[in-house]
1. Can you work out D for the range A:229-309 in µm² s⁻¹ from Stokes-Einstein, where Rh is the Kirkwood radius over C-alpha pairs, the temperature is 20 °C and the viscosity is 1.002 mPa s?
2. Just the Cα atoms of the protein assembly as shown, one point each, no solvent: what log10 I(q)/I(0) does Debye give at q = 0.05, 0.08, 0.09 Å⁻¹?
3. How much of the pair distance distribution for the range A:93-255 lies past 20 Å, counting alpha-carbon pairs only, in percent?
4. Would you check chain A for Lys pairs whose C-alpha atoms are within less than 22 Å, ignoring same-chain pairs closer than 8 in sequence, and give me the count?
5. Would you calculate the separation in nanometres between label points at B:Met85 and A:Arg123, each defined as 7 Å from the Cα along the Cα-to-beta-carbon direction?
6. Tell me the label-point distance for the pair A:Leu29, A:Arg224, using the 7 Å Cα-to-Cβ offset, in nm and rounded to one decimal.
7. Which percent, to the nearest 5, of DSSP beta bridges fully inside the protein assembly as shown are antiparallel?
8. Filter chain B for me: DSSP H helices, axial length by Cα at least 15 angstrom, mean Kyte-Doolittle hydropathy not below 0.5. List them by residue number.
Amino acid sequence: MLKYTLKRLSYMVVTLWIIATVTFFLMHLLPGTPLKNEEKLPEHIKEQIMEKYGLNDPLPVQYLNFMGGLVQGDLGASYTQDGREVSGMIAEGFPVSAFIGGQAVVFGSIVGLLLGLIAALKRGTWMDNLSTMIAVFGISIPNFVLGALLAYFVGVKWGILPVALWESYASSIMPSFALALVVVAIISRYIRTEMVEVLDAEYMKTAKAKGLPRRTVVFRHALRNALIPAITILGPLTVNIITGSLVIEQIFALPGIGEYFVKSIVNNDYTMITGITIFYSILIVSVIFIVDILYGIIDPRIRLSGAKE
Amino acid sequence: MTKVLDVKDLHVSFNTFNGEVQAVRGVTFDVTKGETVAIVGESGCGKSVTSQTIMRLIPNPPGFIKEGQIVFEGQDLAQYSEKQMEKVRGNDIAMIFQDPMTSLNPTMTVGRQITEGLIQHQNMSKQEAHEKAIEMLRLVGIPSPESRIKQYPHQFSGGMRQRAMIAIALACQPKLLIADEPTTALDVTIQAQIIDLMKDLQNKIDTSIILITHDLGVVADIADRVVVMYAGKVIETGKLDEIFYQPKHPYTWGLLASMPRLDQDDNTELLPIPGSPPNLLNPPPGCPFAARCPHAMKVCTEQMPETTEVSTTHQVACWLDHPLAPDVKPPAGAVRGE
Ligand SMILES: Nc1ncnc2c1ncn2[C@@H]1O[C@H](COP(=O)(O)OP(=O)(O)OP(=O)(O)O)[C@@H](O)[C@H]1O
Ligand code: SF4
Ligand SMILES: [Mg+2]
């Protein structure tokens with residue numbers, strides 16, 4: 001297991017290095033400069049600013065400086081928000097984004113798991129049909145539509161939950177819910193499909209022939225095997241939620257990363273764009289890493305074959 | 001000779017879109033203590049359904065016991081609730097399935113798959129069960145069981161998995177072991193090893209065995225008695241010698257003639273039985289073998305023959321056994337010379 005983990009970890013570092021490098025050079029290929037009102041600035045001031053941000057250094061030097069900062073967690077200073085560090089701004093916005101996204105994934109996975117399990121065990125009953133309906137609903141309605149509908153009805157019309165801003169826990173409920181529905185839908189479908197297949201497997205008969213009670217057969221023997229594919233999808237799904245949250249944050253006017261990201265693109269704020277891109281990459285790669293590890297824990301075939309190499 | 005199992009007039013059907021599939025249509029046989037009974041017959045004749053019904057493993061719906069009794073140690077299992085059956089399964093009656101590749105749980109250690117039955121039925125602590133599991137693995141001939149016990153099924157070869165299955169099945173020392181084609185999925189050399197192992201263990205723990213197989217060579221090797229099934233019915237049953245040397249039913253003749261023989265070195269042709277068994281959705285009223293039987297008479301298609309006694313241990317269901325029927329001799333390829 002340790003070997004497997006280390007192997008995954010080294011893949012992760014290499015992936016991040018490639019992403020950081022590509023992002024860095026892409027930013028430098030883009031036309032335009034981050035300087036506002038460029039043409040009105042006197043030449044010597046322009047020169048001064050370029051100097052301050054190190055933009056006059058040869059590209060390899062800039063790259064090395066950038067990478068040096070990166071390993072220390074320094075993403076540079078924002079070009080447009082004077083005197084503010086990119087990492088500081090991320091540190092400010094991320095907890096909000098992480099909270100609503102994380103809550104959505106956890107809630108969505110638990111509800112999806114239960115729904116899928118019930119559907120598989122009660123195959124062909126109204127409960128199965130209901131779960132299918134919820135899944136279709138969850139997959140076909142985009143989260144921003146749901147978010148807007150929720151904001152209007154639950155927030156504005158009925159006044160049950162706060163419509164916008166980040167004031168108390170209640171502020172997180174609607175945005176998380178809007179994000180969670182697709183998780184519920186996808187996880188429940190995966191669990192149902194897998195559960196139905198696993199319940200028909202030969203080893204289920206073996207387990208039953210041992211005289212194990214039904215609940216042991218279902219939870220100890222079936223569920224574990226049915227979880228494996230659902231866990232693989234959890235990685236991409238979490239990523240999906242994280243990116244999806246940019247829009248949801250706008251709808252509910254939440255002070256998350258989404259706001260900074262949108263602003264930085266509009267303003268050509270290179271360090272900010274690079275910083276957020278890299279930050280998201282780290283997040284996504286970490287999620288995939290964690291999922292890989294979980295996968296290895298649950299499925300001994302993966303764990304052991306990974307270790308052999 | 002005490003009867004361990006007494007199956008009486010068992011009928012099992014499945015409800016399908018096309019109607020009721022009568023998979024088992026009045027099966028009667030018994031198993032006495034320490035005995036090995038082989039069930040043979042063509043694919044689809046109801047061997048697996050019969051054996052799984054004894055363990056009440058047939059999913060309901062669509063399957064159901066229509067009629068009959070499964071008397072195990074004086075109790076009718078056909079009437080048992082699911083809770084009562086849980087105490088019987090794995091403890092008094094155990095089962096081995098055909099494909100050891102798919103019948104073990106891939107994400108659970110072999111050890112745990114053995115111990116969970118012990119913990120369930122024998123009130124053992126984890127530690128006791130662990131020791132017992134190692135002992136079982138050693139008993140079924142798996143080398144270095146202390147380290148093997150921690151491994152997963154995919155780290156075992158096919159033959160070893162079937163050995164592990166046998167260890168699981170025999171862990172609680174069941175009174176009856178049902179093996180449904182335990183060697184079909186294995187290499188020929190491994191097949192012989194597994195059969196030898198079963199024989200050996202049967203003596204050690206004194207269990208009765210129901211062995212389902214297509215392989216008459218295996219039957220000759222291990223069985224005390226043989227039950228020949230055809231289209232959901234038992235058409236002939238008798239001691240091993242009676243079936244091999246005095247077969248009475250034309251279908252049994254056909255089966256024997258289609259089996260390769262070691263006792264004859266001439267080139268007697270192997271004759272598969274032409275035709276196919278009847279549709280169990282709508283079985284014929286008479287003898288189910290009539291359409292393929294070279295000796296079929298008028299009465300055969302109209303009425304199911306009664307089961308008659310050739311001897312106290314040998315029964316057959318065929319009109320040829322009727323006193324008024326013509327005297328038909330089995331073909332030369334079918335009967336073993338003594
Ligand atoms: N779930 C089911 N639904 C409908 N019919 C079934 C079902 N299970 C078994 N049958 C039918 O029952 C009959 C007997 O099947 P069974 O599996 O007992 O045959 P078998 O003698 O074990 O054959 P094989 O040698 O191929 O294993 C078959 O005709 C099959 O179509
Ligand atoms: S009853 Fe008739 S058809 Fe059936 S096996 Fe006997 S002779 Fe053949
Ligand atoms: Mg079968």
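Throughout, read-outs are computed from the coordinates displayed, never taken from laboratory work. Keep in mind the model is a prediction, meaning the values are calculated, not measured. All Cβ positions, even for glycine, are placed from backbone atoms using ideal geometry, and neighbour counts span all protein chains on display.
1. Working: Rh = 14.6 Å.
It comes out at roughly 147 µm²/s.
2. Summing over Cα pairs of the protein assembly as shown leads to -0.40, -0.76, -0.86.
3. Taking all Cα-Cα pairs of the range A:93-255, the fraction more than 20 Å apart is 54 percent.
4. Numbers: A:Lys3/A:Lys308; A:Lys7/A:Lys308; A:Lys36/A:Lys46; A:Lys36/A:Lys52; A:Lys36/A:Lys263; A:Lys40/A:Lys52; A:Lys122/A:Lys205; A:Lys122/A:Lys208.
Step by step, the pairs that qualify in chain A add up to 8.
5. 1.7
6. 4.9
7. Numbers: 33 of 51 bridges.
Roughly 65 percent of the beta bridges in the protein assembly as shown run antiparallel, per DSSP.
8. Numbers: long enough: B:110-122 (18 Å, -0.48); B:126-139 (19 Å, -0.85); B:158-170 (18 Å, 0.67); B:188-205 (26 Å, 0.22).
Counting only whole DSSP H runs, the qualifying helices are B:158-170.
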